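A quick write-up on the structure given underneath.
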Amino acid sequence: MAIMNNTETTFLLGYVEQALGGSQDPLDPPISISCNGSLAKWRDKMNFIDIRVNDPGLKNNSEAFEKMLEKTQELGIEAILTLPEYIGKAYSVPPALNQSNTKKEDEKIRGKRKIYQRPEKLVHFRPCYLAIPNALKGNPIYSQLKVEDCLPIIELGAKYGVKNIIVPVSQPGEFIDPLAETQFKKALKVICDAAKKHEMKVLLRNGGISAPVFKKMAKEFGVGLAYNLGIALLECDDIVEVYKQNTEYISVVMFQQLIQGLDKWNNRHEEMEKALKEMLRAEKDYKKGLEDKDTHYAEQVLIRYNDAYFAYVDANKNNLYNLGLFQSGDLNVIPLLKEIRKDIQKGKTKYLLLETVPNTKNNDLIIRSVVPNNFTGGF
């Protein structure tokens, strides 16, 4: 909530929306305030929403993002926009083998609330950044994000009074080298100039950026820091010390639980890519069998086609994220919340973002930990 006492103590509590673009989401399960409970239902439990715009240039789903901004404005919920970190591409899904086989496979990936339904298209997301570190150059998993694809997003945000834009820097654990730093700064200047026209604040998200490099960019461009605790855990930060040393720059803190291990993080991407390649090979062979009217061959390939599809679905299951602060995880956020409490008691404004599936227990944890003892206002 926007919590205030009689002085200037303020903090805002918010959630992530990362499942807008054509109802697709680079995470599985999705982190979504609109898919897991309507905005209207949650509006009394949140002040802002971080809308992850996984649609470079707003080329495919601009209407969905604009509708979300209209809705947040209508409900009095502040919106923050995060520039693209993923580029999605749709692929055909194989025809089901037969009813019994399909049911057997679908049982394996049944959700808690409804049976899995095979989608019309499979949307695969590849990470994209404004600058690719040298260590990742040539890796087909990563795509280059063009600065021109960021500008329409800033303009749309300006239309609806957005005041904060978050820029992901790089893949967690893959720090930008001097060449990538130069490339990133060139793009960042354009973004900052565009944001400045609309009185927007640009915040760099940690992940792939060292403290000295961030400090240089903060000095040159006046950017702040959106501090993601899950990424900090992957990069072995002492989160309390990093926060204390950078509190003047940190206005947004993202509370994300993440099982530690960059190898697991990277392995997920690699397994998805491997399954996708096999699926595309099988699709090509399947179509060739149909063209040649070789029914037996097409039927045999269809088995491989479906196996590859379900291998992709299994790889896409995201077991890295603990979507709730009360689930198992390596991250203890209480010491950090105590530091944040000290800052808000000094009158500093902090945006506390729950990068989890919406849950009132999470709200309660944050409020108990950061609201001053002498707070007498209402929620």
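Observations
- Taking the Cα centre of segment 230-292 as origin and assigning +1 to Lys and Arg Cβ atoms and -1 to Asp and Glu Cβ atoms, the resulting dipole is close to 240 debye.
- Long-range amide H partners of Asn228 with built H, under 5 Å: Asn206, Met254
- Chain lengthening between Asn98 and His296 when straightened (0.36 nm per residue, less Cα-Cα): 69.8 nm
- Relative protection proxy for 167-174, 228-235, 204-211, 274-281, from highest mean packing down: 167-174, 228-235, 204-211, 274-281 (other beta-carbon atoms within 10 angstrom).
- For the set Lys197/Lys350; Lys137/Lys189; Lys45/Lys146; Lys189/Lys348, the pairs lying more than 31 angstrom apart at their alpha carbons are Lys45/Lys146.
- A Förster radius of 25 Å combined with the Cβ-Cβ distance from Ala90 to Thr182 puts the calculated FRET efficiency at roughly 0.15.
- Carbon/sulfur fraction of accessible area - the chain, other protein chains in place, 1.4 Å, %: 49 percent
- FRET efficiency, Lys244 to Lys196 (Cβ-Cβ, R0 35 Å, nearest 0.05): 0.75
- Excluding ligands, DNA and RNA, the accessible surface per residue across the chain is 48 Å² with a 1.4 Å probe.
- R0 of 30 Å, Cβ-Cβ distance Lys159-Asp314: FRET efficiency to nearest 0.05: 0.15
- Euclidean distance of C-alpha centroids, segment 234-295 and segment 151-227, integer Å: 22 Å
- Listed residue (Asn134, Leu12, Val123) projecting farthest to the positive dipole end of the chain, Cβ model: Leu12
- Here the Gaussian network model covers the chain, with springs between Cα atoms less than 10 Å apart; of Tyr243, Tyr351, Tyr297, Tyr297 fluctuates the most.
- GNM top mover of Lys185, Lys288, Lys338 - the chain, alpha-carbon springs below 10 Å: Lys288
- Compared with the dominant Cα axis of the chain, that is its longest principal axis, helix 295-316 is turned about 20°.
The values are calculated or read from the model by the stated rules, or taken from the named source; none is laboratory data. Since this is a predicted model, take the numbers as computed values, not measurements. Positions of Cβ are backbone-derived with ideal geometry, glycine not excepted, and every protein chain shown enters the neighbour counts. These area figures cover heavy atoms from the full protein model, side chains too; ligands, DNA and RNA do not enter into them. Shrake-Rupley method; radii C 1.70, N 1.55, O 1.52, S 1.80 Å.
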